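Everything on this sheet refers to the single structure shown next.
The values are calculated or read from the model by the stated rules, or taken from the named source; none is laboratory data. Nothing here was measured: the structure is a model prediction, and the numbers come from that model. We place every Cβ from the backbone using ideal geometry, glycine too, and count neighbours over all the protein chains shown. Ligands, DNA and RNA are excluded from the accessible area calculation, which covers all protein heavy atoms including side chains. Shrake-Rupley method; radii C 1.70, N 1.55, O 1.52, S 1.80 Å.
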Amino acid sequence: MADSTLAVRHGVAVLAPPRTMRPEFSLMADYDRDLLASFGQSPDPEAAGDRPVVTHVDLVRQLLDGDPLGSVEPDLVMVSYALPDVHPFTTTSTQLNQAFGNRAASFAIAEQGLAAPFSALRIAAAYCRLGYCDQAVLAVLEQTTLPNHDPLVHGADLVDSGALLLLQSGSEGPGLDVHDVWVQCGPDDCARRLADVTASARSGTSLLVEGPRGGHDIQADGMEVHRHAERTYCTSVWMELAQNPQWAEQYATVVLHDTDPRSGTCSAAILRTAARPESSA
């Protein structure tokens, strides 16, 4: 492998796709009740009732519609999420892997809140550095139908959403290289790290991408700020990255940053445009 740097090459996003009725999910009522009881909770009759849903597999199918990533044979396929699937016994990463030829290592990353996709990106970059990965596919999924009342989901009226990203090693074609990733940092530590990034970024060529709840106390001197405004949780900055490929041409540095409202911790990914041949000495 000639280049061990991983770059974000292509992406696609989906927001509030159509939901469908799934009568068979009524069989999950006993499971949901027993699971919630172990946490001292009980199902919300309104939230747990039969109603249209979007599963993680549904989101993946929506993201793959039209073959947005083209001919891809990834070495690594990852699914990341903060909210559980409607049906917890579906292995979505395996189904996504099958869509790309079923030859990749595949797994899911969860139980980290909105830090999960940041962890996935860090894992993919490590695979690439060690020579195990030329191409990786990352799906960030969020379905919002839960059997219980959740203050974040229902208080913010979250909507179903997802993003799919192609990550690739090498320097051919436009893309943003993965320079650094940190997850679940305390606010003060995160602010210090971001200050170091903004201080080293070239004025007028840097962009800070914020989730809907993070960054209000971050000083982004010398950086433009783009805030995700949709009603999402862990998919927010990843949807923006997927929908704005022109950032690879417009900015030398793109920083994805978000703060988890549940824990108060911050996560960030520092992406930098690879040096263009005509500008290298």
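Quick rundown of the values:
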| item | result |
| --- | --- |
| Long-range Cα-Cα pairs in the range 1-147 (distance over 28 Å), rounded percent | 26 |
| Listed residues 59, 141, 100: farthest to the positive end of the dipole of the range 1-147 (Cβ charges) | 100 |
| Radius of gyration, Dmax [the range 54-137; alpha carbons; angstrom] | 12.7, 37 |
| Karplus (6.51, -1.76, 1.60) ³J(HN,Hα), θ = phi - 60°, over the range 182-195, in Hz, Gly and Pro reported as x | 9, 10, 6, 8, x, x, 5, 5, 5, 4, 5, 5, 5, 4 |
| Heavy-atom accessible area per residue - the range 68-193, 1.4 Å, Å² | 40 |
| Under-5 Å amide H pairs with residue 7, H placed in peptide plane, nonlocal only | 168, 169, 178 |
| Kirkwood hydrodynamic radius (C-alpha pairs) into Stokes-Einstein, the chain, 25 °C and 0.890 mPa s, D in µm²/s | 126 |
| Accessible surface of the range 27-178 [probe 1.4 Å, protein heavy atoms]: carbon and sulfur percent | 48 |
| Net charge contributed by nearby residues that have their C-beta within less than 12 Å of residue 57 (K/R +1, D/E -1) | 0 |
| Segments 244-253, 121-130 sorted - mean Cβ within 10 Å per residue, highest first | 121-130, 244-253 |
